[in-house]
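Taking it in order: structure first as C-alpha cells, then the write-up.
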C-alpha cells in the first residue's frame, strides 16, 4: 500500500534507519554517561561507544579512528576546517580557493574570512556543474593554503573530480578540504585514494540522527593542524571542545557501518529508481532540462527544470510528494538557486527546477506515483502558462522585451 | 509556508483560465512580469461596447501559487465591472482577500499591474479606432 505523503527529498535529510535508532536507545537510557568522565563505569561505557563509532566512521572513508573529530553537524565541520586551517596556516599564506556552487556553510565561511583580510578565489563551474581543473591549477599561488571543493553537490548531485583535485593539491603542497556530506555513504569515498586532507560529514544525510557530524582531519602525510573555533575542555584532541553527543555519535557510527556494508545495494537501488523516474517523466513530457552532468552525479539525484512552469506552483500541485525547488519563491532570500544560476542556463530555468532526492527507503511504487503526478500537474500548469502558449504559437521568448519588476 | 484556504482553492480550481482573441477591438490584453523573475501574468478583458462593462476576463499565469490565485481572483472581480471600476481594484484588496503573507505581496502588485495594462490596451484600441 502506498503511503502518502511520499518523502523524496533525501538531500535535505534522510529518515533514521530503524537499526540506527535501536543502536542509539541504550545510550539515552542506561548508558547515559559523559564520555569524558574518566573515573567511573558510566564514563567508560560512553567512551567505549564513542570510540567504536569513531572506528565505524573512519572505516567508511578509509581513515583511522584518531582522524575523526566529532562536531554538531556538517556546517560546524565546514567552519572548523576552513577557519581552523586559515588561522593555523596564516603565516604561510592568506589565499583560499573554493567554487561558486559550494554549500553556504563553505561560501559564507569564506566570505567571513575575506572580511578578516584573507583572499578567496571562487572558481566558476562549467555548464555541467564541474569545475575546470586547469583553472584550479592556475588559481593556486604560493600564498594558497587551502582548497575547499565539495565532493557532491546538494542541489544538482554533481560529483566533482575529487581524486584529480587531491592529486593537484598534494603536488602543490596545499591542503584539500572537501564537504563530503552528500557523497559519503552514497558513493565510494576514500580519503587516501583521493588525497583528501579534511572531509566534512553529517550523520543525518546517511540515515543517522540530526545534530551530529564529523570532520576528518588527516594525521599523517601531511599532519593537519587546526586552530579550534570552539574553546573549552579540550575534547577531540583540542580541536573541538564540548561534551560529546554520545547517543548521536553511536547512531552516526551505526549509520556509517550500514552505509559501508550496504553501499553497493544502496547505489544500485537509488540508480534504478532515479533512472525509472527520469524515463517516466520524459515519456510524459517534452521540454525537460536536466541540471548538471548526468554522468558525474549521485545515483539518487535528479534535478530537472520543467520549462514554462514555476517551481513553487509545481510543488503546490504535487503537495503529497516532498521534494524541493530552486525557485526563488521557495527560498528565504527570494533569489533563485545560486547553484543553478552558476550553470549559466538563465534564471527562468532555476525558477522551474525540481530536485528529486531518492534514498534507501523509496520504492518503485512511489517513483511511479511521483512520476504520474508530476506529469499531470506539469501538463495542467503548462495549460495555464502564458509562456507555454507563446512558445507553442511560435514566439521566441528570448527575443521578448519583458517589463521586469 | 502554509497557504491560505482561498489561495489553495484558486490554485486547485482556477477561475477563467484561457485566452481571448487579442486582435479583437473589444479585448484588452495585459502581459506583465518576466520569466527570469519567476512570474509572468497575462490578463485579458472583453468590454461590452454598448455598456462599457467587462463581460469576460481570462488569465494565464506562470508563477507561484499565490500569483496564480491573485490573477484568478482578479478575473473574478473584473467581470461585471466598468472599466473605471476595474481600475479602482487595488493590490491591497487582493492581499486582504487571499490573506497573502508579506513575501507574496508582489504577486498582488503584479495582478494590479496586469489589470491596468489590460485596460490601457483596451483604451488604446478604442482611441485608435475612433
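Please treat every number below as a calculation from the coordinates, not as lab data. Since this is a predicted model, take the numbers as computed values, not measurements. Glycine gets a Cβ as well: all are built from the backbone with ideal geometry, and neighbour counts include every protein chain shown.
Normalised by the empirical 2.2 N^0.38 Å for globular proteins, what value does the Cα Rg of chain B take?
Taking the Cα Rg and dividing by 2.2 N^0.38 Å, one obtains 1.00.
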Inter-centroid distance (Cα atoms) of region A:274-317 relative to region A:127-148, Å: 30
Among B:117, B:34, B:67: highest mean-square fluctuation, GNM of chain B, C-alpha pairs under 10 Å: B:34
Shielding by partners, peptide A:312-323 (average Cβ within 10 angstrom, other chains): 4
Sorted by Cβ neighbour density within 10 Å, fewest at the top, the residues B:70, A:376, B:108: A:376, B:108, B:70
Using a Förster distance of 45 Å, the FRET efficiency for residue A:268-residue A:39 (Cβ separation, nearest 0.05): 0.40
Chain A: angle of helix A:104-115 to the longest principal axis, Cα-based, in degrees nearest 10: 70
Listed residues A:370, A:181, A:212, most fluctuating in chain A (Gaussian network, C-alpha, under 10 Å): A:370
Contour excess over end-to-end distance, with Cα ends at residue B:128 and residue B:50 and 0.36 nm allotted per residue: 26.3 nm
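Kirkwood Rh and Cα-based Rg: tell me the resulting Rg over Rh for chain A, rounded to two decimals.
With Rg and the Kirkwood Rh in hand, the quotient comes to 1.00.
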Principal-axis tilt of helix A:364-383 within chain A, Cα atoms, nearest 10 degrees: 40
Residues in region A:342-369 that a label on residue A:276 would reach, taking backbone N under 11 Å of a point 7 Å out along Cα→Cβ: A:362-369
Contact order relative to length of chain A, as percent, for alpha carbon pairs under 8 angstrom and 6 or more apart: 21
Residue B:90 paired with residue B:12, simple spin-label distance in nm, labels 7 Å along Cα-to-beta-carbon: 3.2
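Would you mind giving the mean number of other chain beta-carbons within 10 Å of the Cβ of each residue in B:66-74, as a whole number? Intermediate values should be presented prior to the final figure.
On the way: counts 4, 4, 8, 2, 0, 2, 1, 0, 0.
Partner-chain Cβ atoms within 10 Å, mean over residues of B:66-74: 2.
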Fluctuation leader among A:215, A:288, A:273 - chain A, Gaussian network, Cα springs under 10 angstrom: A:288
Separation of the residue A:128 and residue A:372 label points, Cα + 7 Å toward Cβ, nm: 3.6
Quotient of Cα Rg and 2.2 N^0.38 Å for region A:295-402, N being how many residues it contains: 1.13
Crossing angle, helix A:74-88 versus chain A [Cα axis fit, 0-90 degrees, rounded to tens]: 60
R0 of 22 Å, Cβ-Cβ distance residue A:51-residue A:22: FRET efficiency to nearest 0.05: 0.65
Overall Cα dimensions of region A:129-228, principal axis frame, Å, largest first: 41, 32, 22
Alpha-carbon centroid distance for the pair region A:340-376 / region B:1-22, whole angstrom: 23
A:338, A:216 arranged by Cβ crowding within 10 Å, fewest neighbours leading: A:338, A:216
Sequence of A:260, A:240, B:124 once ranked by neighbouring C-beta atoms within 10 Å, starting from the fewest: B:124, A:260, A:240
Spread of Cα-to-Cα distances over 10 Å intervals beginning at zero, given as percent, for region A:206-318: 10, 24, 25, 22, 15, 4
Radius of gyration and Dmax over the Cα atoms of region A:351-396, both given in Å: 14.6, 44
Average beta-carbon neighbours from other chains, 10 Å sphere, peptide A:237-245: 0
Projected label distance in nm at residue A:142 and residue A:241, using a 7 Å step from Cα toward the beta-carbon: 3.8
Principal axis box of region A:1-149, alpha-carbon based, largest edge first, Å: 55, 52, 29
